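The values are calculated or read from the model by the stated rules, or taken from the named source; none is laboratory data. Being a predicted model, the structure only gives us computed values, none of them experimental. Because the Cβ atoms are built from the backbone with ideal geometry, glycine has one as well, and the counts that use them run over all protein chains shown.
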Amino acid sequence: MRRAFCFLLGLLLADRGFSQRANERHAFPCGGNLSGESGLIGNEGFRGVYPPNSRCTWRITVPEGKVVVLSFQFMDLESDSLCRYDFVDVYSGHTSRERIGRFCGTLNPGAVVSNSNRMLVQMISDANTAGSGFSAIFSAAKPNERGDQYCGGRLDKPSGSFKTPNWPDRDYPAGVTCSWHIIAPPNQLIELKFEKFDVERDSYCRYDYVAVFNGGEVNDAKRIGKFCGDSPPGTIVSEKNELLIQFLSDLSLTADGFIGSYKFRPKKLPTTTVPAVTRASSTTSLKPTVTLCQQKCRRSGTLEKNYCSSNFVITGTIITTLSRGGSLYATISIINIYKEGNLAVQQAGKNMSAKITVVCKKCPLIRRGLNYIIMGQVDDDGRAKVLPNNFVMSFKTKNQKILNALKNKRC
């Protein structure tokens, strides 16, 4: 594949008469269906002046099991900060549902990578032309095969990382679009974290931003959050086994960029990892039985003593409550996570939340609108289970120091 790529590039650069002959013969047709390991595309009249009011569409297919890498060799289209007039759009797949880049101006963007073995490239010009057009080489690559040479692509290993182009040596380039499609096995979820984060700041993240979506396509209804600035988003956990991360930079200011990591985690808590003592209490006490709920409701022990015996430790504000079948079902807006275990944490913007079931609704007693420290167990669906003997107390600022110390404690 690499030899074919270099061969095509060599032809393009070594043949000094290429430009003239391309114009004479209109060497590049206006779109078409292309397949194979590699190939070359460009606009009609390349290196001359591209025609006005044109719409050319190329559908590219490489062998199954590989992704399409599009490397721009030349770019000269009418410049506009939003690429509203003349532009090249690149989509993952053969439809216009998932755009992974829009480019114009005279700067070559970084390589663009599809999420599958298909890509759609479309060049559109308005009535007023202003340039020679573009040329690009497409090639087939295994997912993640070329490492840092491009951004985006399909990620399906149990764990991995992703980062902006040029990280950490210099700022990410202007006019870049990267899409990472993370796919876990059907019975697992994806946990996403950003270690470092610096993207051009704007109150509404209109210019440069990172957007994260549940599923494998850009869909505002499934968007988890849109992020910019220099504060890393909190931990993000997918609803199912797919996440799409999209990074876009406009043609003006840039910044350091980011590096993030992901890992797969089970939907269900593996029985082999549950200590024997915890198994006995959790399997016999997850329903509000009369015996269980008639126990005297009294918190025992200290923060330190209860920390290690709990599956999760969080602080937060109770935002919803619902009584049903003798139990209380609540949603907590998380202030901080000290021990997560397999707790399912959802994120919308910078706000994290989790579902909690107080098995016996009056023990421990929690109220909507108040802040709590909550320790407990986690059921097979990732929901927090709080039993009468679990540790729950009102959260005060003075507790922060103790909890931070416990977070580094080995159990």
Give me the strands (runs of 3 or more DSSP E) completely within region 356-411, filtered to those with at least 3 residues that are surrounded by 19 or more Cβ atoms within 10 Å (Cβ to Cβ), ordered by residue number.
371-378, 384-386
Being under 21 Å from the mean Cα position of the chain (by Cα) and either more than 26 Å from Q188 (Cβ to Cβ) or part of a loop (DSSP other than H, G, I, E, B) (or both) is the filter here; which residues of region 310-340 pass it?
E340
Of the numbered conditions (1) under 26 Å from the mean Cα position of the chain (by Cα); (2) at pLDDT 90 or above; (3) crowded, with 23+ Cβ neighbours inside 10 Å, P158 fails exactly one; give the number of that condition.
(3)
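Listed here are the residues, each with its yes/no results for (1) under 17 Å from the mean Cα position of the chain (by Cα); (2) farther than 17 Å from G234 by Cβ.
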position	(1), (2)
W167	no, yes
D171	no, yes
P186	no, yes
I190	yes, no
D198	yes, no
R201	no, yes
D208	yes, yes
Can you pull out the residues in region 87-125 that are farther than 21 Å from A174 by Cα and among the small types (G, A, S)?
G93, S96, S116, S125
Restricting attention to region 216-231, report how many residues are more than 11 Å from Q246 (Cα to Cα), over 10 Å from the mean Cα position of the chain (by Cα) and not polar (S, T, N, Q).
6
Considering only residues that are among the polar types (S, T, N, Q) and out of contact with any Gly (no Cβ under 7 Å at 6 or more places or on another chain), look in region 167-205 and name the one that is surrounded by the fewest Cβ atoms within 10 Å (Cβ to Cβ).
S203
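Residue-by-condition table, conditions (1) assigned to a loop (DSSP other than H, G, I, E, B); (2) not β-branched (V, I, T):
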{"residue": "F162", "(1), (2)": "no, yes"}
{"residue": "D171", "(1), (2)": "yes, yes"}
{"residue": "C178", "(1), (2)": "no, yes"}
{"residue": "I182", "(1), (2)": "no, no"}
{"residue": "L189", "(1), (2)": "no, yes"}
{"residue": "L192", "(1), (2)": "no, yes"}
{"residue": "R201", "(1), (2)": "yes, yes"}
R47 vs. criteria assigned to a loop (DSSP other than H, G, I, E, B), touching a residue at least 40 places away in the same chain (Cβ under 8 Å) and buried (at least 18 other Cβ atoms within 10 Å of the Cβ):
yes
On the basis of being buried (at least 17 other Cβ atoms within 10 Å of the Cβ) and at pLDDT below 90, does G101 make the cut?
yes
Quick one: is T278 farther than 17 Å from I402 by Cα, among the hydroxyl-bearing types (S, T, Y) and modelled with pLDDT under 75?
yes
Can you tell me how many residues within region 316-355 are β-branched (V, I, T), buried (at least 19 other Cβ atoms within 10 Å of the Cβ) and at pLDDT 85 or above?
4
Here, strands (runs of 3 or more DSSP E) confined to region 215-269 with at least 1 residues that are modelled with pLDDT under 90, of a type in the set (S, T, N, Q) and not assigned by TED's automatic domain parsing to the domain that holds E340 are 242-248
Yes/no for T129 being surrounded by fewer than 19 Cβ atoms within 10 Å (Cβ to Cβ), of a type in the set (S, T, Y) and more than 21 Å from the chain's Cα centre (by Cα):
no
